[in-house]
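Input: a single structure, listed below in C-alpha cells.
The values are calculated or read from the model by the stated rules, or taken from the named source; none is laboratory data. Since the model is a prediction, treat every value here as computed from it, not as a measurement. Glycine gets a Cβ as well: all are built from the backbone with ideal geometry, and neighbour counts include every protein chain shown. Only protein heavy atoms, including side chains, enter the accessible area calculation; ligands, DNA and RNA are left aside. Shrake-Rupley method; radii C 1.70, N 1.55, O 1.52, S 1.80 Å.
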Amino acid sequence: QDPLIQDVCLEKTTFSEVVKGQWRRPDVKCTYRGMPLVFEIQLSYTFLSDVIARDAFYRRENTFVIWVFARFDKSRAAVADEAFFNRRNLFVLDAQARQDTIARLALTFSGFRQVPNLTANHSWRDDWEALPVGLHEVIFPTDTYRPYFFDYEARREEVENAWIAANRAEEKRRWKAGVDSYRTAARRFFARDHGATRGCWLQPAP
C-alpha cells in the first residue's frame, strides 16, 4: 500500500538478463521510484555463501536487495553477517516497525545500526541503536545495490576528526596558557630583581 511502490510480486521467479540459465525467486519483488527492488526475508539462517550469491545475482541485474529480519538478535550469526556486509545496518520488520508503518502510511522498518563511539582512552566502542527508517530515508548505492540508511565509516571518520580537532584545540589552549604564564612570571621577575639592579646602575659614580 506504500504509494511509492508498484508492481508488488510474491515469490516470483526472476530470470537473469545477464547470465543465461540463472534465476532467483525473491520473497518480494517490486518497483520503488522506478527502481527494481527485492526483499529477502531472514526468518531462519541462510548460509553466508547463499547470501553472497544472491547479492551478486541482483547486483548483475541492477536490482537493489534489502535483507529483512523479523526481530533483532545480535547473537544470531545471520545478524552479525548482515551487519558486517551492509555498513552495520539492519532492516527489521518487528512489531514496532509495523506500528510505525501504519502510523506513517508508508513502509517503515526498525533500523538497527552500530554507532561508533570513542572512549576516553581513545579506544572504539560500537553501540547498537534503533530508529524508524522509511524507504524515503534509505540510500540506494549503484555500486553495491545494497541499500543502507547509516554510513558507519563516515560516522567513524567524523568522530575521529572531531577528536583530533578537540585535542588540537586543547593543545593550543595549553600552549597559550603556558606562554601567558611564562610571560607573567618573566615580567614579575624583571620588575622585582632587574628593576632594582638597573636602578643601582643608574646611580652616578662618587
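For Ser75, the test of being within 23 Å of the chain's Cα centre (by Cα) and surrounded by fewer than 11 Cβ atoms within 10 Å (Cβ to Cβ) is passed. Close contacts from segment 118-129, counting a first residue that is farther than 20 Å from Phe150 by Cβ and a second that is of a type in the set (Phe, Trp, Tyr) and open to solvent by 80 Å² or more (accessible area, probe 1.4 Å), with Cβ to Cβ under 9 Å and a gap of 6+ residues or different chains, come to His122/Trp163. Restricting segment 116-166 to residues that are more than 25 Å from Arg59 (Cβ to Cβ) and polar (S, T, N, Q), the residue that is surrounded by the fewest Cβ atoms within 10 Å (Cβ to Cβ) is Asn121.
With respect to (1) closer than 30 Å to Asn121 by Cβ; (2) among the acidic types (Asp, Glu); (3) modelled with pLDDT of 85 or more, the lone exception for Glu170 is condition (3).
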